[in-house]
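Worksheet: the structure to be examined is printed underneath.
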Amino acid sequence: MALIKAKNISKDYQTEDVVVHALQEVNFEIEPASFVSFVGPSGSGKTTILNIIGCLDKPSAGELMVADTEVALLGRKESASFRGKHLGFIFQDFNLIPVLTVYENIEYPLIMVQNIEPAERRERISRMLVSVGMKDQGDKYPQQISGGQKQRVAVARALVTHPALVLADEPTANLDSQTAYAVIGLMKKMRDDFGTTFIFSTHDTKIVGEAEVIFRLEDGKLKAKEIKGGIKQ
Amino acid sequence: MKNIFKIAVRNLIRYKRRTLLTASLITIGVVFVLVFVSVTGSFKSIMIGEVTDSMLGHLQVHRKGYVASIDSLPLNLNMKPKAYAKMAEMLKSSPDVEAFSPRLKFGGMFSNFTETTSIRINGIYPDREFQTVPFLTSRISEGKKTISRGEIMIPLLLARGLKIKIGDAVVVVATNVDGSVNGKQFIVSGILESATGPGGRDGYVHIEDAAEVLRMTELEVSEVAVRLKDFNHLHPVMQQLEGKIAAELNKEGKPLFEVHSWEQLSPFFNIAKMIDVMTFFIKIMLIAIVLISIMNVMIMAVFERIREIGTIAAIGTLPGKIRSMFIIEGLCLGVVGTVIGDIIGGIIILIINLTGIRYNFGRQELLLHADILPADVLTISIIVIIVAVAASLQPAIKASKMEPIEALRHV
């Protein structure tokens, strides 16, 4: 059964004079534990679709089911709860909380969002720090680590709550190519270890190759779905 | 909650200089208010003590209509012996009354045989007067600390003006109730320092001498000064007394007595009220300082952390928790500023208490000590902390209402 089912999703933005059609009748399905990328040039609608899947934005038309929930119908508070329970986020600029250490950043959603018991919290964070290769960096603050390490911490923070789906908007845009590959590799490993679905957007053609399912967007329209191994729809 | 506090405190430490400046502003405000309240409180209690304990007493009872004409000390509005006896019985039976002193007051001429001037005289029973207004003895700067028949205590200014010393003979001449004039010679037994308020420059003689000057066949009383066991019960006791005396009517069915508190008799009460108003405005200023400074800091904090707010909202932090983070930040700022202010204020009050402040009030020199109740410190602190929280509310609500998508886009 599909984790995400999008049916005729459209999104319009009203600017001062004109209506911008950011997404136009987009249809797709994403299976659990898949490694998916939305690709396309700037303005193609990658971020918009990720925001809608992540309950940060609502579609202007269409239906979107995420983890058996019609997310477009959720209110503000329900959206926040849904995100905290089912979703993880990785941002282009890492967006770690600067006043918290690496350990505390990973701990944040467990305390503030999911209210997990201390013993389980410690166990999950330790496992996550080992998984992302940051075992000895827990006491450092975000400003004391490199960009690649920050993104590893962000991956750990996104996964520590055991979400069904992790959304990453241009996660490698601020990283050098070597680190970018390392981060994508880490995300893939996490998918393998935890069975979490990863959806990321990128315009980096080299990084795109790492995805197993690729959705190509152009001017708000879904132009193609490619499955690694050469199947193209 | 612990985590929210941790984030709030770390965010305050993150912007050290701004936090320090805002906390200092609150601290200075709290110190200023504490010192002001304590010094003015001391001034008020000294002055009220002087007014009530050296002249007026806590309450006074007069025959109805006397107070309206009190400046002329009308002899025809004195209490007759029967009326006074009723009043004395009433006061004796009251468990709240510690002491009371009948006075026979009159205005007259005072002469040292070479110069003459006017004087206001209180005829008193010395023992009862000193029980009712115990600080009166402390005003006697020269001479005996009591008064006997044939003796007079005169105010210092009069003694200086007429160059009168202890043991000198003087004459008091007064118009009697029937219009005739009578005089009597007295020996000066004491000189009294002046005090602020009505009666502060009066002379004192024995009440029987006063009756003799006024050629009274039976002793009349102009006023009865009353001292209560607990000054804080002034108003309830006064109400009780008013209830009792309302039942005492004259032949025409009109009330026989009237009772007044020191507040109604002394102009110092208006000064005390003014001090209270000033204190109130100083507190308002403190509230304004705290409100504006914390609101300013919190608005800045929200503005600078829009992306952070977007991040924590995106990962599922509920709006209520985001609101709490900023409110607790304001609370911490208020608590830190207030606690430091309380400590510094306490030290300054301690220093003032050790050294004292000399203050000239009219012709009097007062030695002020800072005097503040722990309840006052607590009230001021709680007000400041509540205002700090209130000032954080608007920015906190704004932060919690931010759309995560908009906040994440913020540059």
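The values are calculated or read from the model by the stated rules, or taken from the named source; none is laboratory data. Everything numeric here is computed off the predicted structure, so don't read it as measured data. Here the Cβ is made from the backbone with ideal geometry for all residues, glycine too, and neighbour counts use every protein chain on show.
Considering only the stretch B:316-357, how many residues are within 14 Å of chain A (Cβ to nearest Cβ), among the aliphatic types (A, V, I, L, M) and surrounded by fewer than 19 Cβ atoms within 10 Å (Cβ to Cβ)? If you could, list the steps in order and put the result at the bottom.
So the first thing to find is which residues in the stretch B:316-357 are within 14 Å of chain A (Cβ to nearest Cβ), and the list is B:316-326, B:328-329, B:332.
After this cut, where a residue has to be among the aliphatic types (A, V, I, L, M) as well, the list is B:318, B:322, B:325, B:328.
Keeping just the survivors that are surrounded by fewer than 19 Cβ atoms within 10 Å (Cβ to Cβ) gives B:318.
Residues that pass the stated criteria total 1.
List pairs: first in the stretch B:400-411 and more than 8 Å from chain A (Cβ to nearest Cβ), second surrounded by fewer than 20 Cβ atoms within 10 Å (Cβ to Cβ), Cβ under 6 Å, 6+ apart or cross-chain?
The qualifying pairs are B:S400/B:P319; B:S400/B:R323; B:A407/B:I306; B:H410/B:I306; B:H410/B:R307.
Which numbered condition in (1) buried (at least 16 other Cβ atoms within 10 Å of the Cβ); (2) within 30 Å of A:C55 (Cβ to Cβ) is the only one that B:V389 fails?
(2)
Return the pair list, or none, for Cβ contacts closer than 7 Å from residues in the stretch A:141-159 that are over 18 Å from A:A180 (Cβ atoms) and within 13 Å of chain B (Cβ to nearest Cβ) to residues that are surrounded by fewer than 24 Cβ atoms within 10 Å (Cβ to Cβ) and among the polar types (S, T, N, Q), at least 6 apart or on different chains.
Every condition considered, the pairs that remain are A:Y141/A:T101; A:L159/A:T196.
Can A:T15 be described as surrounded by fewer than 15 Cβ atoms within 10 Å (Cβ to Cβ), of a type outside the set (D, E) and more than 10 Å from chain B (Cβ to nearest Cβ)? Break it down stepwise before answering.
Values: surrounded by fewer than 15 Cβ atoms within 10 Å (Cβ to Cβ): yes; of a type outside the set (D, E): yes; more than 10 Å from chain B (Cβ to nearest Cβ): yes.
In short, yes.
Filter the stretch A:11-66 down to the residues that are over 23 Å from A:T202 (Cβ atoms) and either part of a strand (DSSP E or B) or among the acidic types (D, E) (or both) and list them by number.
From the stretch A:11-66, those over 23 Å from A:T202 (Cβ atoms) are A:12, A:14-19, A:25, A:58, A:60-63, A:65; that's our starting set.
Scanning the stretch A:11-66 gives A:D12, A:Q14, A:E16, A:D17, A:V19, A:E25, A:A61, A:G62, A:E63, A:M65.
Please go through the stretch B:97-139 and pick out each residue that is charged (D, E, K, R) and touching a strand residue (DSSP E or B) at 6+ places or on another chain (Cβ under 7 Å). First the steps, then the outcome.
Here is the first cut: in the stretch B:97-139, the ones charged (D, E, K, R) are B:98, B:103, B:105, B:115, B:120, B:127-129, B:139.
Hits for the stretch B:97-139 are B:E98, B:R103, B:K105, B:R120, B:R128, B:E129, B:R139.
Any idea which of A:G43, A:G54 is touching a residue at least 60 places away in the same chain (Cβ under 8 Å), in contact with a Lys or Arg (Cβ under 9 Å, 6 or more places away or on another chain) and not hydrophobic (A, V, I, L, M, F, W, C)?
Values: A:G43 fails: in contact with a Lys or Arg (Cβ under 9 Å, 6 or more places away or on another chain).
Result of the check over A:G43, A:G54: A:G54.
Considering only residues that are surrounded by fewer than 19 Cβ atoms within 10 Å (Cβ to Cβ) and under 21 Å from the mean Cα position of the chain (by Cα), look in the stretch A:99-117 and name the one that is nearest to A:T69 (Cα to Cα).
A:Q114
Just to confirm my filter: which strands (runs of 3 or more DSSP E) fall fully inside the stretch A:122-221 and include at least 1 residues that are at pLDDT below 90 and among the hydroxyl-bearing types (S, T, Y)? Even if it seems obvious, please write down each step before you answer.
Numbers: elements: A:165-169, A:197-202, A:213-218.
In the stretch A:122-221, the matching strands (runs of 3 or more DSSP E) lie at A:197-202.
Any residue at all in the stretch A:109-120 that is at pLDDT 90 or above, away from chain B (no Cβ under 14 Å) and assigned to a helix (DSSP H, G or I)?
Checked against the condition, which is being at pLDDT 90 or above, away from chain B (no Cβ under 14 Å) and assigned to a helix (DSSP H, G or I), the stretch A:109-120 yields at least one hit.
Of the residues B:R10, B:R63, B:R14, which single one is touching a Leu at 6+ places or on another chain (Cβ under 8 Å) and within 14 Å of chain A (Cβ to nearest Cβ)?
B:R10
Okay, residues lined up against (1) buried (at least 20 other Cβ atoms within 10 Å of the Cβ); (2) assigned by TED's automatic domain parsing to the domain that holds B:K184; (3) in a helix (DSSP H, G or I):
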site: B:Y204; (1), (2), (3): yes, yes, no
site: B:M216; (1), (2), (3): no, yes, no
site: B:V224; (1), (2), (3): yes, yes, no
site: B:L234; (1), (2), (3): no, yes, yes
site: B:L241; (1), (2), (3): yes, yes, yes
site: B:K244; (1), (2), (3): no, yes, yes
site: B:M274; (1), (2), (3): no, no, yes
